[in-house]
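These notes concern the structure reproduced below.
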C-alpha cells in the first residue's frame with residue numbers, strides 16, 4: 001500500500017498508543033500526526049485537512065464523539081475511525097449512525113488499523 005499524500009490524525013490520550021499507531025501507518029507512507037490532548041486535535045482539525053481522523057472515544061474533557069463531529073463539520077470528505085472498548089459500544093453505534101466511517105474495538109492489532117485506514121482512503125482490501 002502506498003499511502004503517500006494521505007493525511008491522518010490520531011487522537012489518543014495515551015502517548016504510547018499514539019506512537020504505536022503512528023508507526024504502523026507511517027510504514028505504509030501515510031503522513032501521520034498525533035495528539036494526546038483532544039483540544040489540540042480540535043485546533044489541528046481547524047488548521048488543516050485530514051483524510052482520516054482516528055480517535056479514541058473515551059478521553060478526559062473532550063470525547064471522541066466531539067472530535068468526530070468537529071472533523072465532519074470541517075469536511076464531509078474526512079473519514080473518522082473510532083477506537084472503543086467494550087463498555088463504549090453504545091457510543092460507537094451512535095457514532096456510526098452519525099457519520100463515523102468505522103470503529104475498532106480494543107484490543108486491535110496495527111494491521112487492523114492499517115486495513116481500516118486503507119479502506120477509508122479507498123484502497124482495496126483482502
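The values are calculated or read from the model by the stated rules, or taken from the named source; none is laboratory data. Being a predicted model, the structure only gives us computed values, none of them experimental. Cβ: placed from backbone, ideal geometry, glycine included. Neighbour counts: every protein chain shown.
Remarks
- In the set (1) assigned to a helix (DSSP H, G or I); (2) touching a strand residue (DSSP E or B) at 6+ places or on another chain (Cβ under 8 Å); (3) within 19 Å of residue 119 (Cβ to Cβ); (4) modelled with pLDDT under 95, the condition left unmet by residue 5 is number (1).
- Listed by first and then second residue, the pairs with beta-carbon distance under 9 Å, at least 6 apart or on different chains, first residue in region 95-115 and within 16 Å of residue 32 (Cβ to Cβ), second surrounded by fewer than 12 Cβ atoms within 10 Å (Cβ to Cβ) and at pLDDT 90 or above, are 110/23.
- Considering (1) at pLDDT 95 or above; (2) outside any loop (DSSP other than H, G, I, E, B); (3) surrounded by 20 or more Cβ atoms within 10 Å (Cβ to Cβ), the lone condition that residue 50 does not fulfil carries the number (2).
- Residue under evaluation residue 118, criteria (1) assigned to a helix (DSSP H, G or I); (2) over 14 Å from the mean Cα position of the chain (by Cα), criterion not met: (2)
- For region 25-47, a residue qualifies if it is in contact with a strand residue (DSSP E or B) (Cβ under 9 Å, 6 or more places away or on another chain) and over 20 Å from residue 70 (Cα atoms), and the qualifying residues are 25, 26, 30, 31.
- Which numbered condition residue 108 fails, given (1) under 18 Å from residue 7 (Cα atoms); (2) modelled with pLDDT of 90 or more: (1)
- Filter result for residue 17 (assigned to a strand (DSSP E or B) and closer than 15 Å to residue 113 by Cα): no
- Inter-residue pairs, beta-carbon under 8 Å, first at positive phi and surrounded by fewer than 16 Cβ atoms within 10 Å (Cβ to Cβ) and in region 59-80, second outside any loop (DSSP other than H, G, I, E, B) and modelled with pLDDT of 90 or more, 6+ apart: 61/38; 61/39
- Just one of the listed residues (62, 83) is under 21 Å from residue 20 (Cα atoms) and not in a helix (DSSP H, G or I), namely 83.
- Answer residue from region 21-46, given it is surrounded by 16 or more Cβ atoms within 10 Å (Cβ to Cβ) and in contact (Cβ under 8 Å) with a residue 40 or more places away in the chain and is farthest from residue 61 (Cα to Cα) among those: 28
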